[in-house]
1. Find the relative contact order for the stretch A:79-208 and round it to a whole percent, using C-alpha pairs within less than 8 Å whose residues are 6+ positions apart.
2. Would you mind working out the accessible area per residue for the protein assembly as shown, using a 1.4 Å probe, and quoting it in Å²?
3. Given axes a ≥ b ≥ c from the Cα gyration tensor, I'd like to know whether the protein assembly as shown is rounded (a/c under 1.5), prolate (a/b larger than b/c) or oblate.
4. For the interface of chains A and B, what total accessible area is buried with a 1.4 Å probe, rounded to the nearest 100 Å²?
5. Could you sort A:D67, B:D188, B:D677 by their accessible area in this structure, using a 1.4 Å probe and putting the largest first?
6. Aspartates and glutamates within cross-link reach of B:K420: Cα-Cα under 16 Å, excluding same-chain residues under 8 positions apart?
7. Got a sec to turn the phi values of the stretch B:343-352 into Karplus ³J(HN,Hα) couplings, 6.51 cos²θ - 1.76 cosθ + 1.60 with θ = phi - 60°, whole Hz, x for Gly and Pro?
8. Rounding to the nearest 20 debye, state how big the charge dipole of the protein assembly as shown is about its Cα centre with +1 on each Lys and Arg Cβ and -1 on each Asp and Glu Cβ.
Amino acid sequence: MLFGPSVGHKKPLIFKIPHLAEFLVFVYALWISTYAMFFVTFFLQPNLIMASYTLKINSKTYTVEADPKMPLLWAIRDLAGLTGTKYGCGIAQCGACTVHMGGQPVRSCSIPVSVAAGKDLTTIEGLSADNTHPVQQAWIKEQVPQCGYCQSGQIMAATALLKKTPNPTDKDIDTAMQGHICRCGTYPRIRKAIKTASQIMNQKASAK
Amino acid sequence: METKNLTRRNFIKLSSLTGAALTIGFYFPTGAKAAEVMKSETADNLGIDLNAWISIDTNGKVTITNHRAEMGQGSFQSVPQIIAEELEVDLNDVRIVFAQGNNAKYGSQITGGSSTVRGTYKKLLHLSATAREMLIEAAAKKWNVPASECYAENGHVIHKPSGKKFNYGELVADASKLTPPTSVPLKDPKDYKVLRKPIPRQDTPLKVNGTATFGMDKKLPGMLYAVVERNPRFQGKLKGFDDTETKKVPGVKHVIPVKMSVFNTFREGVAVVADSIWSAMQGRKVLKVEWDDSGFEHFSTEQLYARMNDDLKTKDGLSFRTKGNFAAALEKADKKLEATYETPYESHSCMEPVNCTAHYQGDKLEIWGPIQGPDWVQDLLSPLMDLPKEKIIVNMTFLGGGFGRKAFMDYPHEAAVISKAVNAPVQVVWTREDDTTQGPFRPGMVYQCSGGLKDGRISAYKAKLAGQNMDHQWPGAQKDSYNGSTTEGFLEPYFESIPHYSFSDLPLDVPIPVMWWRSVYASTNGFAFESFMDELAVQAGKDPLDFRRQHLGEERYQTLINRLEEVSGWKNRKKNEGYGVSITECFSSIVGEVVKVSKKADGKVKVDKVWAVMDCGWYVNPDIIRAQVEGSIVMAIGAATVHATHFNDGKAVEQNFNTYKMPRITDTPEIEVHVVDNEEKAGGVGEPGLPPLSAALTNAIFDLTGKRIRKLPFNLEEV
Ligand code: FES
Ligand code: FES
């Protein structure tokens, strides 16, 4: 037998069936709505127009001049100058660009700047600059990062998961994190670190 | 010998950090190429250089230079951790900086072949101990006491009888004027305080708050961004382009043809240069390009593999390593076996796509980027850009993955050419699609293995491999030369215990660029060699681990097998419970892995657990080793069961992570890694964990289901 393009890996779409439903509910719902907005923007705005937008990132206000279709990712990195958020694929496959919009994890590579304008945005820089956020502490304790490139996205996703599910099960973790690629293969430590972060958060809560 | 290299001269410099007039000088460690003294170009604010790696300012702040690339494998920790041990400083108090490209100063900086620790640890231990002894001598002179009454600890020299102490900052100016001692005592490993300890990595804090600077995070005043439409067929030429629409995109400043050096040829494309990445990408979308793709073959994957298989059937190949008489021994064997194994082409797909920033300024060129070999970039670009090597300044950023791809110098060249053409600093960003489709790729391979058994032992063994030889792409390569990596992955003692063997290769000469991919040839050899070893064990009616043990007489290998047997619970497993084993050797480290698979409720196979035992000899940080083996296992699971690059009409088919899928958290089993403690020579850490996995997995599937998988990748859902 020879190799052919047809002999590739056949998984249904990106994700395995058992998790698909939950994944759609928890993560994609927001993207679908933003995609809809994207197309509205795309069709209603004539091409090649620059406009002024106000971005609220980490409680700071940035006024940027941009093409309405410019993905939020590039506005954050190149216009606001916050380079902690990373480009990995540009097509919502890897999660490297994950930020929070209105408290929800979203893929900034697939949201036009025009849609994100005015919304509350949090990037990795907004978690804490001094690594005091429990998820950052857990990431350090478990020594998660290797190259580190995917980790901003991983941490933003984990933070959103823990906010909604303070004591996640293994399955909760896999479901929430399966949209995030780590080429260095830090997945075993991501699992551990999310549990550690959950413990740190619980300790902090009970200390109060 | 050593004394010759210890030449030293002093340069007076004003340190911006301390405001004091300081002396900068350093000596070259044994083995460095040039024995002359040069001034450190980065040392201005770091204090006094005691040598190329160590600077101390007058306050006692120690700066350690990491001369190698940090791409996740941990050199940013390992190099300083080695130095801190003999220098007697606390790693938490030192500042770590990246070196610029300068192999006259540091020796080779190419970060590949898992060579950082194994290639430099002796040198680093020695020069750190030398610096310590110089500091001790300086203190002894100040106190006017014998140096033997003094010792160093935690950044201080202490006079034992009186308890007086100086911190290193108070001594460094004097110390740097001393002639370095020719021989220095090195610690016994049992006295190590820093080495062998799982000390948290110094780069972790930067990597959890977004402050680590990767290639794409580099910003320069007035910097432009470029994306390049490159010919999707390697060796294709640019015929012409129409940039009418591109020029209308706001922000687009220049559209220029560009050629970058790739092995013995140039890759051609058209660069769109704009004031933002987004504008450049938009401009590229409406660019019309015409290619000239005549004069070379446009392959499909089917054709490539058909040619490799034909070669294996009809040719003997270029002989690399033989002993005895394979044919005669096979004739006399009790049992004979033959099998063919296939592995796919793969993309490196680092999470950080290839990118590079260059600023050409007429008489000099400065480069910033995720670069595995800054000195290699200097060597390549010097003739191409017509600049002396020292006028090419190469700065390493953190690398968002490397895996061999970023040891290649095409993209710095491309960035330099574009910067020169537009007369501005330029950051060239490869989109994920560019990164996935342009290669260089791991070469696809086909292996034909045959063997004979006599009295339950291997009496004859033959392996022929067909596939592209990476060395054959370089200018002036001898294309009839054998592949020196034909036996990579095969365990050394087998060459003793197998009486008759033959290894040869059949180079495939096709226009597809190929390149080292984490663990290089061992990444695919390991699958063939260790699958076939399993098939031989089954034929011999032996337990697969015992069968290997029987052929691996050396104590070091026996220890590893015993450890693997113990940690994986191998002896207690039930028949056909789904256990598989594989052991390979790569870059002087030996790694054994056991995989356990089982059937899920729906009857499909899943991977439950992987146990790994790593013997890399002398080592630095057990936690980094565990992390590297975990990561290697995940990457190997991907290459075995998730992704492959295919070609159609001379172009790569898979473009982004929607088709070139990556292993995800849901594909990741539990992984348990053990590190062997011994005093063997240091071996590699970043790569050797990868080669054994695929065969351990398919051997486990055979154990569970009786089905032998000889071709990668395969879909676990379809086993
Ligand atoms: S860059 Fe947004 S998901 Fe990959
Ligand atoms: S740490 Fe390198 S990609 Fe995740």
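1. Values: 174 pairs, mean separation 36.5, N = 130.
Across the stretch A:79-208, relative contact order equals 28 percent.
2. Numbers: 32710 Å² over 927 residues.
The answer is 35 Å² per residue.
3. rounded
4. On the way: alone 11460 and 27380 Å², together 32710 Å².
The buried area between A and B, both sides summed, comes to about 6100 Å².
5. Values: A:D67 20, B:D188 75, B:D677 105 Å².
I get B:D677, B:D188, A:D67, largest accessible area first.
6. Within the straight-line limit of under 16 Å, B:K420 reaches these aspartates and glutamates: B:D363, B:E366, B:D386, B:D410.
7. Once θ is set to phi - 60°, the couplings for the stretch B:343-352 become 10, x, 5, 9, 9, 5, 6, 4, 4, 8 Hz.
8. Numbers: 108 positive and 101 negative charges, 273 e Å.
Rounded to the nearest 20 debye, it is 1320 debye.
The values are calculated or read from the model by the stated rules, or taken from the named source; none is laboratory data. No experiment lies behind these values; they were computed from the predicted model shown. We place every Cβ from the backbone using ideal geometry, glycine too, and count neighbours over all the protein chains shown. Just so you know, the surface numbers come from the protein's heavy atoms only, side chains and all, with ligands and any DNA or RNA stripped out. Shrake-Rupley method; radii C 1.70, N 1.55, O 1.52, S 1.80 Å.
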